[in-house]
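Quick notes on the structure that follows.
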Amino acid sequence: MSNELSIKRGTKTDPADVGSIDKSKLGILLAKPPQTETEGQAAYSGYTQCPWCGHVGWTVGLDTNYYVDIVCGSCGGYFRA
């Protein structure tokens, strides 16, 4: 078992493109993992770093097949990871 922490690094979303983001599918970068996990979401959760402010937190809704839009819970910046 590895003790290495995996952090997915986000890429900035152009401010001009923020209006076209589907808010119903938006992930949120949290300060820490939730105390209870929703069944079926554990495999799609992980640590993510905001490219705007550098905040590292927990994101639910990640996918290995495509990028998802995320809003940082610290600075409010939009990014993809």
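The values are calculated or read from the model by the stated rules, or taken from the named source; none is laboratory data. Computed from a predicted structure; not experimentally measured. Cβ atoms come from the backbone with ideal geometry, glycine included; neighbour counts cover every protein chain shown. These area figures cover heavy atoms from the full protein model, side chains too; ligands, DNA and RNA do not enter into them. Shrake-Rupley method; radii C 1.70, N 1.55, O 1.52, S 1.80 Å.
Rolling a 1.4 Å probe over the protein heavy atoms of segment 8-80, with every protein chain left in place, gives an accessible area that is 51 percent carbon and sulfur. Can you pull the percent of Cα pairs in the chain with separation above 16 Å? Looking at the chain, the distances longer than 16 Å represent 48 percent of pairs.
Evaluating 6.51 cos²θ - 1.76 cosθ + 1.60 at θ = phi - 60° for every residue in segment 59-70, the Karplus couplings come out as 10, 9, x, 6, 9, 7, 8, 7, 7, 10, 7, 9 Hz, glycine and proline recorded as x.
Each residue of segment 22-34 is assigned a 3J(HN,Hα), and the resulting list reads 6, 5, 6, 10, 7, x, 10, 7, 9, 5, 8, x, x Hz, derived from the Karplus form 6.51 cos²θ - 1.76 cosθ + 1.60 (θ = phi - 60°), x at Gly and Pro. Averaged per residue, segment 8-80 has 65 square angstrom of accessible surface, using a 1.4 angstrom probe with ligands and nucleic acids left out.
For Tyr66 and Leu30, a Förster radius of 35 Å and the Cβ-Cβ distance give a FRET efficiency of 0.95, rounded to the nearest 0.05. Stretching Trp52 away from Arg9 to a fully extended chain increases their span by 14.4 nm, per 0.36 nm per residue minus the current alpha-carbon distance.
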